[in-house]
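Working notes, beginning with the structure itself.
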Ligand code: SF4
């Protein structure tokens with residue numbers, strides 16, 4: 001136990017809200033001296049992650065990202081106080097634009113709030129996790145949602161007016177903790193289930209569930225969807241989607257011109273601001289920075305030794321020891337299942353086409369798409385093998401997030417199949433993506449170093465030797 005109780009004003013959301021109000025006042029362009037001064041004023045846990053973000057290689061984009069998230073937190077809080085609006089807590093496997101199409105609705109994403117708490121607050125998310133454990137919540141639930149929901153359960157934090165459950169059929173660990181909060185804290189919940197059957201029949205059934213879900217939300221928010229407003233939101237989502245694919249292409253260059261931390265920024269943007277001009281601005285900034293790095297040949301290490309696709313999710317408690325550390329050793333974090341969200345363009349020609357597009361986006365959203373499929377391993381293997389080939393990855397890593405029984409139950413098979421289909425080696429780590437006490441950064445670094453030095457680099461050398469041998473053979477040597 002961390003030894004901290006959760007007291008009024010010390011809930012995760014309230015503390016985050018205080019912090020982002022300070023960040024929103026920071027200049028867009030900080031000098032090295034100003035960064036040094038700022039870091040000195042911060043507590044140790046906050047300092048380490050802010051230091052990672054304010055690295056001069058991507059400082060401007062980090063500040064843009066932090067301010068985008070800051071505006072989102074503040075607006076969510078204000079919407080909850082406004083009697084005409086409704087702030088709805090949504091999970092990270094649910095597109096926020098489904099709520100933005102309501103003028104009066106505002107989505108706050110549970111797992112993004114957890115990640116903010118873990119990466120930005122002194123003591124990370126430990127006291128909220130411990131609080132939930134103290135209530136008897138089993139420790140095999142997912143820390144991604146249990147940390148933020150643990151804070152709500154303390155009764156000392158900001159409470160949303162409703163919550164969306166979008167994990168039934170994909171992840172019980174996620175849906176059960178949301179259900180508990182709904183019952184204990186008397187927050188209405190809106191459930192959207194994904195049928196396990198894929199194909200036309202499954203999608204038709206899901207569209208029916210989705211229409212019912214939207215009409216329930218219309219009743220709760222007190223607003224009928226307006227076609228003009230929907231179009232405005234979904235055209236902004238389309239603009240961000242177009243930039244997403246430009247950005248995706250940039251990952252294919254070697255050495256990769258995209259900073260590792262931009263993977264986190266991609267889903268931070270996708271999960272909070274898709275459908276708002278902020279997301280377009282953020283995606284454009286990442287594309288431009290990566291293009292400039294490509295043109296200038298900038299790369300932070302002597303050479304790129306490993307191009308990794310992360311098969312599921314990463315680790316979010318130590319940006320300096322994870323994203324920056326890898327990049328400075330030539331280990332590229334190409335993407336993971338969340339940043340490979342592959343958003344779809346919306347057909348905005350009619351209200352019906354937009355509703356169908358939103359239903360499709362929910363059905364195909366990362367995590368729901370793989371873990372809610374009729375075969376978890378088959379679609380997961382298919383998706384990841386395609387990305388590995390497409391981006392020219394030479395290895396893959398599975399983070400082994402401790403709560404994730406779905407992925408843990410099939411990873412042996414997935415690892416073998418990916419290796420067979422793509423030829424890349426797969427490292428399986430174990431730890432909790434949001435809790436540093438499970439597997440510390442130093443252990444993760446040791447495992448990665450050993451994998452890159454003893455497997456990835458040697459395999460590359462063997463591959464090069466055999467190419468030379470093949471050439472000699474062709475020349476009759
Ligand atoms: S990471 Fe795994 S356990 Fe957590 S919400 Fe996703 S599928 Fe569920």
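What the table below lists for this structure:
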read-out	value
The stretch 298-368 versus the stretch 375-411: alpha-carbon centroid distance in Å	13
The stretch 284-352 - Rg over Rh from alpha carbon coordinates, Kirkwood radius	1.11
Residues 204, 51, sorted so that the one with the fewest Cβ neighbours within 10 Å comes first	204, 51
Contour excess over end-to-end distance, with Cα ends at residue 25 and residue 347 and 0.36 nm allotted per residue	112.1 nm
Inter-part distance where the stretch 227-260 and the stretch 111-182 are each reduced to a Cα centre, Å	29
Burial ordering of 31, 377, 144, fewest other beta-carbon atoms within 10 Å first	31, 377, 144
Principal axis dimensions, the stretch 12-219 - Cα atoms, whole angstrom, descending	59, 38, 38
Relative contact order of the stretch 165-246, defined on C-alpha pairs under 8 angstrom at six or more residues apart (%)	22
For the stretch 1-103: span of alpha carbons on each principal axis (Å, largest first)	44, 36, 26
Within the stretch 298-340: backbone nitrogen closer than 11 Å to the residue 254 label point (7 Å, Cα to C-beta)	304-308
Sequence ranges 407-415, 304-312, ranked by mean other-Cβ count within 10 angstrom, highest first	304-312, 407-415
Mean projection area, nm², convex hull over Cα of the stretch 54-150	7.9
Burial ordering of 183, 229, 401, fewest other beta-carbon atoms within 10 Å first	183, 229, 401
Helical mean residue ellipticity (222 nm; -39500 (n - 2.57) per DSSP H run of 4+; nearest 500) of the chain	-17500 deg cm²/dmol
Cα gyration tensor shape of the stretch 273-428, rounded if a/c is under 1.5, else prolate or oblate by comparing a/b with b/c	oblate
Residue 216-residue 78 FRET efficiency (beta carbon distance; Förster radius 25 Å; 0.05 resolution)	0.55
Estimated FRET transfer efficiency (residue 420, residue 301; beta-carbon r; R0 41 Å; 0.05)	0.85
Length-normalised contact order of the stretch 151-300 in % [C-alpha pairs under 8 Å, at least 6 apart]	17
Residue-span extension gain [residue 450 to residue 14] - 0.36 nm each, minus C-alpha spacing	152.9 nm
Full-stretch length increase - residue 328, residue 47 - with 0.36 nm per residue and alpha-carbon distance subtracted	99.2 nm
Rule-of-thumb Rg ratio for the chain [Cα; 2.2 N^0.38 Å; N residues]	0.97
Relative contact order of the chain, defined on C-alpha pairs under 8 angstrom at six or more residues apart (%)	16
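A short reminder: the numbers here are calculations on the coordinates, not readings from a lab. As the structure is a computational prediction, the values presented were derived from the model and not from experiment. Virtual Cβ from ideal backbone geometry, glycine too; neighbours counted across all protein chains shown.
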